[in-house]
1. Restricting attention to region 140-161, which residues are surrounded by 18 or more Cβ atoms within 10 Å (Cβ to Cβ) and assigned to a strand (DSSP E or B)?
2. Of the residues that make up region 127-139, is at least one surrounded by 21 or more Cβ atoms within 10 Å (Cβ to Cβ), in a helix (DSSP H, G or I) and in contact (Cβ under 8 Å) with a residue 24 or more places away in the chain?
3. Six or more apart or on different chains, Cβ under 8 Å: which pairs go from a residue in region 65-94 that's touching a residue at least 12 places away in the same chain (Cβ under 8 Å) to one that's assigned to a helix (DSSP H, G or I) and of a type in the set (Val, Ile, Thr)? Could you list them?
4. If you check Gln105 against the conditions, is it more than 11 Å from the ligand (Cβ to nearest atom) and modelled with pLDDT under 95?
5. Quick check on region 46-91: of everything there that is β-branched (Val, Ile, Thr) and within 13 Å of the ligand (Cβ to nearest atom), which residue is farthest from the chain's Cα centre (by Cα)?
Amino acid sequence: MDKAFSFSYRLLTDASGLEPAEAALLAAANEAQQLAYAPYSRFEVGAALLLDDGAIVKGGNQENASYPAGICAERTALSAASSLYPGVPISAVAIAYRNLDRNDQGEMILSPCGICRQSLLEAFSRQEKKIKIIMSSPAGRIIVLDSVENLLPFSFSGSFL
Ligand code: THU
């Protein structure tokens, strides 16, 4: 039997097509690039989470001389939100980056790595409420997805355990 996953998303050429709350969250993700500690890759990522109580939690990637010990911006922000605002659902996440060594990536829209997808999915299943994701390129192209769930089909989850 053939089956298919399908989902729709919004592709925008700039932030003018975002709702005001989405635009504010993306601005926070851009600011959060300043929180990156990325001396090894020089790829600075900012993530911003919007919580249901209106709080915005920011995180930047945190690298380590022992490379695998580094942590992405998305997981930095998720851990901060869970620790500082326990139990408060997340409604949206925005991500932005700059590559200090390349200026040819203006149009390339960042999407989270596999481990971050798994972590975003855990946050979603924990709160049982959708988390929207706003992904951006340095020049301002944007993809908006209604649910982080769509980033990881055939996912592993706590329901197995
Ligand atoms: N990185 C993130 O923080 N988020 C992403 O979505 C992709 C990659 C970080 C990890 C590492 O510090 C650097 O970017 C280069 O991979």
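The values are calculated or read from the model by the stated rules, or taken from the named source; none is laboratory data. Every value quoted in this text rests on a predicted model; they were computed, and no experiment measured them. Every residue, glycine as well, gets a Cβ built from its backbone with ideal geometry; the counts of neighbours run over all protein chains shown.
1. Passing the criteria: Ile142, Val144, Leu145.
2. Let us first name the residues in region 127-139 that are surrounded by 21 or more Cβ atoms within 10 Å (Cβ to Cβ), namely 131, 133-136.
Now drop any that are not in a helix (DSSP H, G or I), which leaves none.
No; the residues of region 127-139 include none that is surrounded by 21 or more Cβ atoms within 10 Å (Cβ to Cβ), in a helix (DSSP H, G or I) and in contact (Cβ under 8 Å) with a residue 24 or more places away in the chain.
3. Note: pairs meeting the criteria are Cys72/Ile115; Arg75/Ile115; Val93/Val148.
4. Details: more than 11 Å from the ligand (Cβ to nearest atom): yes; modelled with pLDDT under 95: yes.
Spelling it out, Gln105 is indeed more than 11 Å from the ligand (Cβ to nearest atom) and modelled with pLDDT under 95.
5. Ile71
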